[in-house]
Amino acid sequence: MCIPNFNLLEMEYKNSNTSTASTDFYTLQQDYNSLKQLFDTINDKNQFNENKIEHINEKLTESLENMSDAFVAIDNDWKYTFVNQKAAIMFGKQPEDLVGKNAWVIFPEAIGQPYYKIYYKAMKTKKQIVFEDYYAPWDRWFENRVIPSKEGLVIFFQDITERKLAENKLQDLNTKLKIRNRELYESIIQIQKINTELISAKEKAEESDRLKSSFLANMSHEIRTPMNGILGFTELLKEPKLTGEEQQEYIKVIEKSGSRMLNIINDIVSISKIESGQMNLSYKETSIKDQIDIIYDFFKLEAKQKNIELKISNSLSEEENLIRTDEEKVSSVLSHLLKNAIKFTEQGSIEIGCFKNNNTITFYVKDTGIGINSDKTDIMFERFTQEDDSLNRNYEGAGLGLYIAKSYVNLLGGKIWAANNADYGAVFYFQIPFIKPNEIDKEIQLSIIPHETQKLKILVAEDDSISLKFISKILKIFGENLLIARNGFEAVNLCKNNPDIDIILMDIQMPVMNGYEAIKKIREFNEEVIIITQSAFVFTDEAEKAIEVGGNGYISKPINKNQLIDHIKKQILASKSKSKAKTTP
């Protein structure tokens with residue numbers, strides 16, 4: 001700043017010798033003194049502020065250097081303007097080697113594209129961004145706090161390794177606790193299930209004992225009653241002087257008692273065969289119309305004696321009338337149902353009928369009798385069970401007919417059920433497969449072993465433990481010889497080492513090797529074993545694909561117990577039929 005020479009000015013003003021100039025001079029001098037004083041004050045303040053700023057910068061630099069976190073500052077051109085010692089050590093450099101250098105040139109691999117995107121976003125949006133990342137050279141985790149400024153970015157790197165380790169440890173602990181809780185829950189559920197099963201088994205055992213006792217008492221009565229008639233009237237026939245009419249009356253009583261006794265014996269023999277697995281099926285061409293006519297002719301006299309109208313209703317066409325089935329079993333079922341209807345019908349009518357429904361033939365016996373107790377509908381087809389099992393019941397019979405009928409229908413691959421009529425009486429239905437005559441050989445004798453006594457060696461390939469438990473529980477009815485594979489590879493090896501396996505239940509989706517691949521491998525060395533695939537997939541082509549790769553059958557999840565058992569039995573039948581066809585010249 002240029003300061004004017006007031007002494008020279010003073011001399012000039014004195015020489016002018018004017019009063020006005022003298023006054024202006026002194027005023028100007030006072031202003032100068034004030035300005036000079038103000039200038040000195042501002043200059044002192046500026047110097048003070050500069051010292052203060054320098055002191056603050058020194059303190060800030062010292063703080064940044066001594067802080068526990070790594071810290072860097074980057075300008076808008078991505079050049080480092082400040083790097084504290086902690087950051088320099090982390091980067092493996094000296095601060096002077098980094099300041100003024102472009103960050104992306106120095107650390108292209110360490111920082112990488114994700115960092116660039118985050119830093120660029122913070123600089124562009126002028127918003128703070130915080131993220132966590134693992135720094136490999138130090139094997140440490142850092143929290144990166146990116147703060148935008150006018151000059152660029154300031155970035156703090158806070159070491160959070162201990163926190164991350166604690167979080168991971170806590171997460172592992174939570175995972176273990178969840179697993180333990182799940183195991184505990186499953187154990188509780190299993191215990192509850194076992195308790196329920198035990199209670200159910202106890203109740204069934206008690207009910208079975210009660211029914212057996214009742215059955216034995218009724219059976220004793222049913223056997224002794226006709227025997228009393230046979231022996232008693234045989235003794236009466238020995239008496240002299242009997243008229244011819246009396247003799248004929250006694251003989252009829254003996255014949256009726258003998259017929260009743262024979263029926264009981266036949267029922268007991270049938271049940272013995274069913275229970276021991278010795279019941280045979282003999283398929284041949286059968287006329288349904290002829291079967292119904294024969295049953296009608298056999299029972300029409302008995303129905304007439306009770307003043308009951310016996311009717312036939314057959315809606316089958318000539319083409320539908322001929323099927324392949326075991327006509328003796330069908331006749332036996334119809335006989336038991338019709339005999340039952342006549343016994344419980346005092347007046348009215350009984351209708352025998354049948355009709356075709358899709359691939360099945362449904363038979364029915366409808367009566368106008370006393371009807372069915374709704375509480376007995378579910379158990380009336382079981383062993384040792386009668387609608388009225390007391391000793392003071394009004395109707396004779398051992399109570400074996402419906403159980404035999406159900407057993408025969410099941411052997412034929414059908415089902416049986418009963419219901420009350422809309423008005424009065426009852427209707428008994430049974431359904432069997434409709435098999436055309438040309439779909440089976442002229443005569444096939446197949447020995448059907450019920451699943452209660454059949455012993456099979458079964459391999460279950462299933463990776464889900466819950467599904468495995470469920471399937472294994474079902475398959476115990478076929479015996480205890482059960483092999484388990486957790487994946488397709490294990491299934492193939494077990495099949496190689498056990499060539500006597502009868503059936504493989506193969507899950508499609510499994511680790512290591514899926515079910516399709518496993519089936520292909522097994523078929524390379526074993527073409528005879530029955531393979532049933534099972535899957536939770538919902539696509540319609542799964543069954544076709546399973547057959548294409550070598551499977552024999554397919555069942556979808558969730559698995560139904562009865563469907564699985566029936567499917568296994570059908571596959572056994574098909575396998576035996578195929579084997580017989582191969583050996584027949």
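The values are calculated or read from the model by the stated rules, or taken from the named source; none is laboratory data. Quick caveat: nothing in here was measured; it's all calculated off a predicted structure. Note that we place each Cβ from the backbone using ideal geometry, even for glycine, and neighbour counts take in every protein chain shown.
If you check Glu62 against the conditions, is it within 26 Å of Thr161 (Cα to Cα), charged (D, E, K, R) and at pLDDT below 75?
yes
Scan the stretch 373-385 and tell me whether some residue there is modelled with pLDDT of 90 or more and under 21 Å from Gln431 (Cβ atoms). Steps first, please.
Residues of the stretch 373-385 that are modelled with pLDDT of 90 or more, as a first pass: none.
Checked against the condition, which is being modelled with pLDDT of 90 or more and under 21 Å from Gln431 (Cβ atoms), the stretch 373-385 yields no hits at all.
Please report, ordered by residue number, the strands (runs of 3 or more DSSP E) entirely within the stretch 70-186 with at least 3 residues that are touching a residue at least 40 places away in the same chain (Cβ under 8 Å) and surrounded by 14 or more Cβ atoms within 10 Å (Cβ to Cβ).
Per the criteria, 70-75, 152-159.
Given the criteria among the basic types (Lys, Arg) and assigned to a helix (DSSP H, G or I), does Lys366 qualify?
no
Which members of the stretch 349-366 meet the condition of being more than 12 Å from Phe428 (Cβ to Cβ), surrounded by 14 or more Cβ atoms within 10 Å (Cβ to Cβ) and not basic (Lys, Arg)?
Ser349, Cys354, Phe355, Thr360, Ile361
Filter the stretch 287-317 down to the residues that are in contact with a Leu (Cβ under 8 Å, 6 or more places away or on another chain), free of Cβ contacts under 8 Å to residues at least 60 places away in the same chain and assigned to a helix (DSSP H, G or I), then identify the one that is farthest from Ile370 (Cα to Cα).
Here the residue is Lys289.
Give just the number: which of (1) in contact with a strand residue (DSSP E or B) (Cβ under 9 Å, 6 or more places away or on another chain); (2) within 21 Å of Asp77 (Cα to Cα) does Tyr120 not satisfy?
Status for Tyr120: all satisfied but (1).
Out of the residues in the stretch 207-250 that are surrounded by fewer than 16 Cβ atoms within 10 Å (Cβ to Cβ) and of a type in the set (Gly, Ala, Ser), state the one that is modelled with the lowest pLDDT.
Ala217
Anything in the stretch 423-479 that is modelled with pLDDT of 60 or more, assigned by TED's automatic domain parsing to the domain that holds Asp326 and in a helix (DSSP H, G or I)? List them, or say none.
Pro437, Asn438, listed by residue number.
Take the residues of the stretch 493-516 that are among the charged types (D, E, K, R) and out of contact with any Phe, Trp or Tyr (no Cβ under 9 Å at 6 or more places or on another chain): which is farthest from Leu475 (Cα to Cα)?
Asp500
Just the residues that are among the basic types (Lys, Arg) and part of a strand (DSSP E or B), please, taken from the stretch 318-355.
Scanning the stretch 318-355 gives a single hit, Arg324.
For Asp297, all conditions in the list (1) crowded, with 19+ Cβ neighbours inside 10 Å; (2) over 49 Å from the mean Cα position of the chain (by Cα) hold save one; what is the number of the exception?
Failing condition for Asp297: (1).
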